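The values are calculated or read from the model by the stated rules, or taken from the named source; none is laboratory data. Fair warning: this is a prediction, and the values are worked out from it, not measured in the lab. Here Cβ is always computed from backbone atoms with ideal geometry, including for glycine, and neighbour counts include all displayed protein chains.
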Amino acid sequence: MTTVQKIKEIEDEMAKTQKNKATSYHLGQLKAKLAKLRRELITPQGGGGGGGGIGFDVARTGIASVGFVGFPSVGKSTLMSKLTGTHSEVSAIDFTTLTTVPGTVKVHGAPIQILDLPGIIEGANDGRGRGRQVIAVARTCNLIFIVLDVLKPLGDKKSIEGELEGFGIRLNKKPPAVIVRKKDKGGIAITNTVPLTNIDHDEIKAICSEYKINNADVAIRQPNATADDVVDVIEGNRVYIPAIYVLNKDISHVQIDAISIEEIDLLYKIPNSVPISSSVWLNVDELIEKMWEALDLVRVYTKPRGLPPDYSSPVVLRKGKSTVEDFCSSIHKEIAKQMKYAIVWGSSAKHSRGQKVGLDHILEDEDVVHIAKK
Ligand SMILES: Nc1nc2c(ncn2[C@@H]2O[C@H](COP(=O)(O)OP(=O)(O)OP(=O)(O)O)[C@@H](O)[C@H]2O)c(=O)[nH]1
Ligand SMILES: [Mg+2]
């Protein structure tokens with residue numbers, strides 16, 4: 001039996017097993033088995049993770065990258081070309097784009113790299129089409145645009161999410177607050193600071209046992225934690241990436257019988273979605289704003305001594321890597337060493353007249369910084 005068949009078998013069994021006290025151990029086991037098989041699938045023998053491939057890895061420029069993922073002919077390249085001014089082939093024929101096409105768009109002074117990717121199809125991470133390489137690139141992006149055709153959005157959305165999740169990508173999610181700490185003896189000890197609403201002790205024990213973890217402290221702090229959360233923590237190689245659902249192809253131009261009112265209704269309820277038309281350039285400004293918010297970048301303006309701040313070219317940093325030290329090293333690696341102190345104005349400063357700070361001070365978006373040298 002192939003791995004894909006084994007996965008199918010487990011999925012079928014899970015679908016017909018009702019969750020209750022008597023079945024939870026069994027279900028936990030199945031979930032862990034499934035995760036292990038999926039891992040096998042995306043790391044084929046000698047395949048080095050299934051990523052890369054000629055032309056797929058492009059040089060990374062700018063502070064952040066956005067990858068476009070979608071079925072063929074949904075309009076990814078149309079959007080990318082217009083957004084960045086870089087040519088990426090557009091045509092009505094499926095699979096027009098064959099490799100990663102990079103471009104850059106400047107948003108609020110920050111250069112953002114856009115990666116136009118080939119269309120994927122269902123079964124991408126079983127190695128169908130170039131899906132595996134495409135998803136491997138998506139895994140390294142700071143934001144994913146899931147581009148959907150408004151005429152068939154919901155089914156497509158589900159299968160693309162399935163493909164990305166099968167590859168260890170978690171969309172619009174934070175790492176679960178679950179800790180599994182292995183130890184030498186004592187069995188599995190479970191503690192929870194929140195009520196266990198979606199998982200019980202049997203399920204947790206089954207998962208641990210499936211991973212041959214016989215002794216461990218398992219701490220659940222995540223509200224409504226699921227078996228999948230526990231599996232994700234044990235598997236460990238998950239990436240947590242924000243995603244925006246781009247509903248392309250102007251809905252007001254769609255023949256009304258092509259899509260039902262109920263469907264339109266559901267469409268607008270998709271969280272983190274933006275309806276646009278890339279060909280007639282409708283609502284793209286809103287999309288760019290949403291992209292900016294999702295990237296959560298920190299712009300810092302430098303202020304030379306005795307001069308006004310330079311608002312024309314901010315130093316752009318990432319949230320979580322935005323200390324004064326990060327700021328210094330993104331200008332020049334020597335600056336941090338030469339710094340005596342910094343003065344900061346803006347939301348991270350305690351007072352409006354400016355605050356004297358050291359290298360570990362965390363900067364916020366639109367702060368102004370003056371570096372005083374030794
Ligand atoms: N009506 C309409 N057509 C669009 C829109 N955006 C793109 N198209 C058309 O859809 C077709 C496919 O566009 P592409 O940009 O090549 O699609 P893609 O997603 O890059 O396709 P692949 O590279 O094959 O994955 C082209 O004929 C476009 O002109 C839109 O907003 N409205
Ligand atoms: Mg394309």
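For region 108-120, a residue qualifies if it is surrounded by 17 or more Cβ atoms within 10 Å (Cβ to Cβ) and more than 10 Å from ligand 1 (Cβ to nearest atom), and the qualifying residues are ALA110, ILE112, GLN113, ILE114, LEU115. Restricting region 68-115 to residues that are touching a residue at least 60 places away in the same chain (Cβ under 8 Å) and in a helix (DSSP H, G or I), the residue that is nearest to ligand 2 (Cβ to nearest atom) is LYS76. Selection over region 163-214 of residues that are free of Cβ contacts under 8 Å to residues at least 24 places away in the same chain and closer than 30 Å to ILE144 by Cβ gives a count of 1. Within region 7-18, if we keep just the residues that are surrounded by 10 or more Cβ atoms within 10 Å (Cβ to Cβ) and under 28 Å from the mean Cα position of the chain (by Cα), the residue that is nearest to GLU40 (Cα to Cα) turns out to be ILE7.
Among the residues in region 219-235, are any assigned to a strand (DSSP E or B), without any contact (Cβ under 8 Å) to a residue 60 or more places away in the chain, among the aliphatic types (A, V, I, L, M) and surrounded by 15 or more Cβ atoms within 10 Å (Cβ to Cβ)?
From region 219-235, those assigned to a strand (DSSP E or B) are 219-220; that's our starting set.
Right, trim to without any contact (Cβ under 8 Å) to a residue 60 or more places away in the chain and you get 219-220.
Checking which are among the aliphatic types (A, V, I, L, M) leaves us with 219-220.
Within this subset, residues satisfying the condition of being surrounded by 15 or more Cβ atoms within 10 Å (Cβ to Cβ) are 219-220.
Yes, some residue in region 219-235 is assigned to a strand (DSSP E or B), without any contact (Cβ under 8 Å) to a residue 60 or more places away in the chain, among the aliphatic types (A, V, I, L, M) and surrounded by 15 or more Cβ atoms within 10 Å (Cβ to Cβ).
Within region 306-318, can one find any residue that is touching a Phe, Trp or Tyr at 6+ places or on another chain (Cβ under 6 Å) and assigned by the TED database to the domain that holds THR140? No, the conditions are met nowhere in region 306-318.
Free of Cβ contacts under 8 Å to residues at least 60 places away in the same chain, surrounded by 12 or more Cβ atoms within 10 Å (Cβ to Cβ), in contact with a Ser or Thr (Cβ under 9 Å, 6 or more places away or on another chain) and assigned by the TED database to the domain that holds ALA110: is that true of ASN283 in this structure? In short, yes.
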